[in-house]
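K.L.:
Pasting a structure below so you can have a look.
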Amino acid sequence: MRQGTLNSWTYPPAVLSLPENEVHVWCASLNLPPDGLAKTIELLATDEVVRAARFRFKKDRDHFVIRRGLLRVILGCYLGIPPKKVEFTYNPFGKPAVSINPEGFRFNLCHSGGLALIAVTRRGEIGVDLERVRDDVEIDELSEGLFSEIEHDILRSLPPKVRLQAFFNCWTRKEAYLKARGEGLSFPLKQFTVSLLPGEPPRLLDVPNEVGEIDRWTLYQLSPAPDHVAALAVEGKGHRLRYWRGEDLLRDRRDE
């Protein structure tokens with residue numbers, strides 16, 4: 001079942017709360033007027049400004065600034081602190097976390113094609129992935145090298161008109177799961193299997209040699225835009241998902 005379709009995304013209330021059983025997913029455009037971009041840079045820490053300066057192309061640099069600023073504003077709302085006061089730590093594989101976090105917030109961020117998704121929960125680890133659907137993808141080559149044998153065989157058996165959707169279903173679900181685990185590509189994409197057929201519920205199907213791993217996670221498929229596919233992986237079961245639009249956050253809730 002597809003979650004988070006276009007009409008599900010609404011503007012958030014003025015005061016945000018995150019009950020323990022909820023997962024909040026934010027969607028926002030990465031396009032911002034120049035004056036808004038300049039004010040967003042002021043929200044970032046020194047190391048983030050340095051990272052932004054390393055991007056070769058202005059568009060990539062601007063999108064990084066907006067993503068980090070948006071993340072800071074969202075987390076600041078939940079934590080009740082100014083965006084600039086949010087501090088991050090990173091695990092050995094680079095997954096970020098809030099350094100001072102008495103409420104146990106977990107989050108993950110992704111972006112593609114001018115959109116960003118940020119997922120936040122208090123109930124366990126979380127990962128989210130977003131891809132803009134493109135028809136120039138070498139499906140056979142990529143699936144043979146990166147997907148499990150079962151996933152690759154299923155893709156090869158599908159008619160052309162559904163193969164592209166199935167490929168991006170598979171890709172985003174696998175990436176979301178890996179990001180939730182927080183181990184990067186040290187855990188190979190080929191080492192586990194997810195569902196991928198259009199219309200089939202998103203599920204983790206097989207993780208060899210890891211007892212209980214399938215029951216540990218819930219996968220969700222999201223549809224934030226007509227030309228994008230997204231997936232969410234959350235530790236545990238029985239979550240209530242809420243979908244927020246974040247286009248106005250940097251304008252309305254930035255740190256003055």
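K.L.:
Which residue, of Gly114, Gly127, is under 27 Å from Asp227 (Cα atoms) and modelled with pLDDT under 95?
P.N.:
Gly114
K.L.:
Restricting the search to segment 19-61, which residues are surrounded by fewer than 18 Cβ atoms within 10 Å (Cβ to Cβ) and in contact with a Ser or Thr (Cβ under 8 Å, 6 or more places away or on another chain)?
P.N.:
Glu22
K.L.:
Looking only at segment 144-191, count every residue that is outside any helix (DSSP H, G or I) and not hydrophobic (A, V, I, L, M, F, W, C) and tell me the total.
P.N.:
5
K.L.:
Next question, about the same structure. Could you tell me whether segment 115-124 includes any residue that is among the hydroxyl-bearing types (Ser, Thr, Tyr), surrounded by 14 or more Cβ atoms within 10 Å (Cβ to Cβ), touching a residue at least 60 places away in the same chain (Cβ under 8 Å) and under 21 Å from Ser17 (Cα atoms)? Walk me through it before giving the result.
P.N.:
Quick first cut of segment 115-124, residues among the hydroxyl-bearing types (Ser, Thr, Tyr) only: 121.
Restricting the remaining residues to those that are surrounded by 14 or more Cβ atoms within 10 Å (Cβ to Cβ) gives 121.
Among the residues that remain, those that are also touching a residue at least 60 places away in the same chain (Cβ under 8 Å) are: 121.
Cutting the leftovers down to under 21 Å from Ser17 (Cα atoms) gives us 121.
Yes.
K.L.:
Another question, then. Are any residues in segment 205-253 over 17 Å from the mean Cα position of the chain (by Cα) and surrounded by 20 or more Cβ atoms within 10 Å (Cβ to Cβ), and if so, which ones?
P.N.:
Scanning segment 205-253 gives Leu249, Leu250.
One line per residue, one yes/no per condition, for (1) charged (D, E, K, R); (2) in a helix (DSSP H, G or I):
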position	(1), (2)
Asp60	yes, yes
Gly69	no, yes
Arg72	yes, yes
Leu75	no, yes
Ile81	no, no
Leu142	no, yes
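K.L.:
Moving on. What about Leu71, is it in contact with a Leu (Cβ under 7 Å, 6 or more places away or on another chain), touching a residue at least 12 places away in the same chain (Cβ under 8 Å) and within 22 Å of Lys237 (Cα to Cα)?
P.N.:
Criteria not met by Leu71.
K.L.:
Looking for something in contact with a helix residue (DSSP H, G or I) (Cβ under 8 Å, 6 or more places away or on another chain), among the small types (Gly, Ala, Ser) and under 24 Å from Ala180 (Cα atoms) - is there at least one such residue anywhere in segment 33-44?
P.N.:
Looking through segment 33-44, none of the residues is in contact with a helix residue (DSSP H, G or I) (Cβ under 8 Å, 6 or more places away or on another chain), among the small types (Gly, Ala, Ser) and under 24 Å from Ala180 (Cα atoms).
K.L.:
What number of residues within segment 193-216 are in contact with a Cys (Cβ under 8 Å, 6 or more places away or on another chain) and at pLDDT below 95?
P.N.:
Qualifying residue count, segment 193-216: 0.
The values are calculated or read from the model by the stated rules, or taken from the named source; none is laboratory data. Model, not experiment: these values are computed from the prediction. Virtual Cβ from ideal backbone geometry, glycine too; neighbours counted across all protein chains shown.
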